[in-house]
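Below is one structure, written out as structure tokens; comments come after it.
The values are calculated or read from the model by the stated rules, or taken from the named source; none is laboratory data. Because the structure is a prediction, the values reported are computed rather than measured. Glycine gets a Cβ as well: all are built from the backbone with ideal geometry, and neighbour counts include every protein chain shown. Just the protein is used for accessible areas: all its heavy atoms, side chains included, with ligands, DNA and RNA removed. Shrake-Rupley method; radii C 1.70, N 1.55, O 1.52, S 1.80 Å.
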Amino acid sequence: MTVPTAAIQALRDVVGEQWVKSTSVELETFATDGLPTHNSRPGAVVIPGSRDEVVSVLRLLDHFDVPFVARGAGTGLSGGALAGSDAVMVVLTRLNRILEIDPVNRRAVVEPGVVNTKLSEVTDHVGLSYAPDPSSQTVCTIGGNVAENAGGPHCLKYGVTSNHILEVEVALPNGDLVTLGSPGGESWGPDLVGLFVGSEGMFGIATQITVRLTPTPAIARTLLADFSSLRTAGEAVTQVISAGILPAALEMMDQNSVAVVEESIYSAGYPTDAAAVLIVELDGMDKGSVESEAAQAEAILRRAGARAVKSATDPTQRARLWQGRKKTFGALGRIAPDLVVQDAVVPRSALPDILERIAEIAAEFDLPVCNVFHAGDGNLHPNLSFSRSEPGVLHRVKEAATAIMHACIDAGGTITGEHGVGADKIHLMPLVFDAETISLMRELRRAFDPAEQANPGKVLPLHVCRDAAEADASQ
């Protein structure tokens, strides 16, 4: 199936000739997101420039009965922002205005195409920032962060995207506009904002987003601890949290990740003979409290087996300690041209065992693996490097990724912490949800999108929903 020619022409009439892409060369740009194992070329791409154009596009697509997929910067890592040949991709990067900054009430109103870091750059002069900080924050958009409920290194203390969204104006799949939440954050009933954030584009398109701004900490201290054992580093994570300390961030990198970074232009001075390093950041408004917590954390790290602990409060020195962690994914391009960044969550106490199991799985499938992740909340990111030109390697990568997911589930975890389910993990949903629960999710989705035209074929395995429906009908 393909998108009707009449629909494509009608889209051009709405947004202008240059903002509709339909040739094979143009569409190839949008055939993947940040996950290289999935490839799907849309039937057409439309790039609206305003809320009114988004509404008109959706009404037009509804008229032609054409499904659509919303897309931001395309940095997603679950194949969630891909469209089939029968669907239109609605790219929102032109909706990139910061509409309002309200420092008194600590909030801002933005369009979905605003790049994550741009907002904090604008609010920095009034001592406020937008707290969610995914690793792709210099390029990813807030609309995409809302769709995936993105996290980041500092979500341990400050929470994920859903903790910072107050109100969302949504264009439903039929083009109707609705407002969820309120500027003050009150839900006035069911938490529809909480429902929408993380819905992976299946409910509609956010056209305006009111976000909560957070006071910028007056002081921050960053610690870098290195360990001779991966297991010891994992145990240290649990000890820090168990002591009642809540760091702003608690990140881990294994030896493979450290080696890759230190051989690149992003070298941060990490010890390459360490089996693992931990980056622990404490921040706050009171210098004495931050220094006291930092000293306590450093003592715990040393007792847990840290060989050395570096400490920095100077912004330049702190940025250097963070540089390797922030740039790891870029540095991994030195190993191979392709990279799968997996995403799972396990209890913190399971980290030592699961890291050893991941190493065993990578060896079993003959793939290099680098672990760099949010250790404080058990959000793992095993990175599998490969070259898709190698015969049979894609199959090995997918099998290894699935084995890692099974191991995390067996350890009491789940299949995603921040990257979403998308197309990549849809086959794993029945491992963590029974058929009845998945069917209820589908019914909820249909309350927003009765025809299931928004991001079809993602997240919810339809055969499971059908099995549950048939079972109910037989009772």
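General observations
- Förster radius 41 Å - calculated FRET efficiency between residue 414 and residue 63, Cβ distance, rounded to 0.05: 0.55
- Heavy-atom surface of the stretch 214-331, accessible at 1.4 Å and reported per residue (Å²): 40
- Accessible surface, the stretch 1-114, averaged per residue in Å² (probe 1.4 Å): 43
- Carbon-plus-sulfur accessible fraction, the chain (probe radius 1.4 Å, protein heavy atoms only): 51%.
- Counting 0.36 nm for each residue step from residue 182 to residue 434 and taking away their Cα separation leaves a gain of 87.4 nm.
- The DSSP beta bridges internal to the stretch 1-152 are antiparallel in roughly 50% of cases.
- In this view, the solvent-accessible surface of residue 230, computed with a 1.4 Å probe and all protein chains in place, comes to about 50 Å².
- Nearest-10 value in Å² for the accessible area of residue 63, using the 1.4 Å probe: 140
- The HN-Hα couplings worked out from phi for the stretch 344-354 by the Karplus form 6.51 cos²θ - 1.76 cosθ + 1.60 (θ = phi - 60°) are 8, 10, 9, x, 4, 5, 8, 4, x, 5, 6 Hz, whole numbers, x standing for Gly and Pro.
- In order along the stretch 165-181, the Karplus-derived 3J(HN,Hα) couplings, from 6.51 cos²θ - 1.76 cosθ + 1.60 at θ = phi - 60°, round to 10, 9, 8, 9, 8, 10, 8, 5, x, 8, x, 5, 9, 10, 10, 10, x Hz, and Gly and Pro are given as x.
- Cα-based reach from residue 118 at 20 Å (exclusive), listing aspartates and glutamates while leaving out same-chain residues under 8 positions away: 100, 102, 133, 148, 167
- DSSP beta bridges fully contained in the chain are about 90 percent antiparallel.
- Probe 1.4 Å, accessible area per residue of the stretch 334-377, Å²: 37
- Sequence ranges 142-153, 76-87, ranked by mean other-Cβ count within 10 angstrom, highest first: 142-153, 76-87
- Anisotropy class of the stretch 216-363 from Cα gyration tensor, a/c 1.5 cut: oblate
- Under 5 Å from the amide H of residue 416 lie the amide H atoms of 345, each residue being 5 or more positions distant or on a separate chain, with H modelled from the backbone and absent for Pro and chain starts.
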